[in-house]
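Engineer: One structure coming up, written as structure tokens, with questions to follow.
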Amino acid sequence: MRIDEFLPESDATHSYEIRIEAPPTAVRRALLEVNLADDLVVRTLLRLRGLPRRATTWAGLEQLGFIRLANEPDELLLGIIGRFWTLTGHLVAVDADGFREHKDPGYAKAAWNFTILPDGNGTRLGTETRVLCSDEASRVRFRRYWKVVGPFSGLIRKRILRQATKGLDR
């Protein structure tokens, strides 16, 4: 997976997966059509974090600072660098090479993927988030932040997986 190329090590890793009775091409299309604003819980959590309305689509996430690191038939990978534990996030604008090379102290890199893999007559749709902090001070800050935010982040990712299955009903 491309996530291994961009963030082979991590201080925090969380993954979720579901099996869907549909071909990978249909699941990928449904995933890309997910609008986070369609889910009240997700929309509320994003607003509480202070993210604007445009953060509810894939293109909107990229406008906010997420970098598209890979867009393969079997994996969509986004990355972001910042001080997530601060109110503004102090995001760093980089391209894919800059994401790989960034090592400035006081920051964390996060990679967030979705995998779309054939599984018999269906598809395994998974998501994994990895975070790597650049130094011990940022690691301590991130861990405090993640104790509060992590469960909600996981809930968002699980609900995105569910929303993709609803997109197959259209």
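Engineer: So in segment 81-93, with the set limited to residues that are of a type in the set (Gly, Ala, Ser) and more than 19 Å from Ile3 (Cβ to Cβ), which one is surrounded by the most Cβ atoms within 10 Å (Cβ to Cβ)?
Structural biologist: Gly89
Engineer: Which of the following residues is surrounded by 14 or more Cβ atoms within 10 Å (Cβ to Cβ) and touching a residue at least 40 places away in the same chain (Cβ under 8 Å): Ala96, Ala37?
Structural biologist: Ala96
Engineer: Of Leu69, Leu61, Leu76, which residue is touching a residue at least 60 places away in the same chain (Cβ under 8 Å) and in contact with a Leu (Cβ under 9 Å, 6 or more places away or on another chain)?
Structural biologist: Testing whether each residue is touching a residue at least 60 places away in the same chain (Cβ under 8 Å) and in contact with a Leu (Cβ under 9 Å, 6 or more places away or on another chain) leaves just Leu69.
Engineer: In segment 99-120, which residues are surrounded by fewer than 17 Cβ atoms within 10 Å (Cβ to Cβ) and over 22 Å from Leu32 (Cβ atoms)?
Structural biologist: Result: Arg100, Glu101, His102, Lys103, Asp104, Pro105, Gly106, Gly120.
Engineer: To continue, here is another question. Residues that are farther than 19 Å from Ile81 by Cα and within 15 Å of the chain's Cα centre (by Cα): does segment 133-151 have at least one?
Structural biologist: Yes, because at least one residue in segment 133-151 is farther than 19 Å from Ile81 by Cα and within 15 Å of the chain's Cα centre (by Cα).
No value in this document is a laboratory result; all are computed from the given coordinates. On a predicted model such as this, the values are computed, not experimentally measured, just so you know. Here the Cβ is made from the backbone with ideal geometry for all residues, glycine too, and neighbour counts use every protein chain on show.
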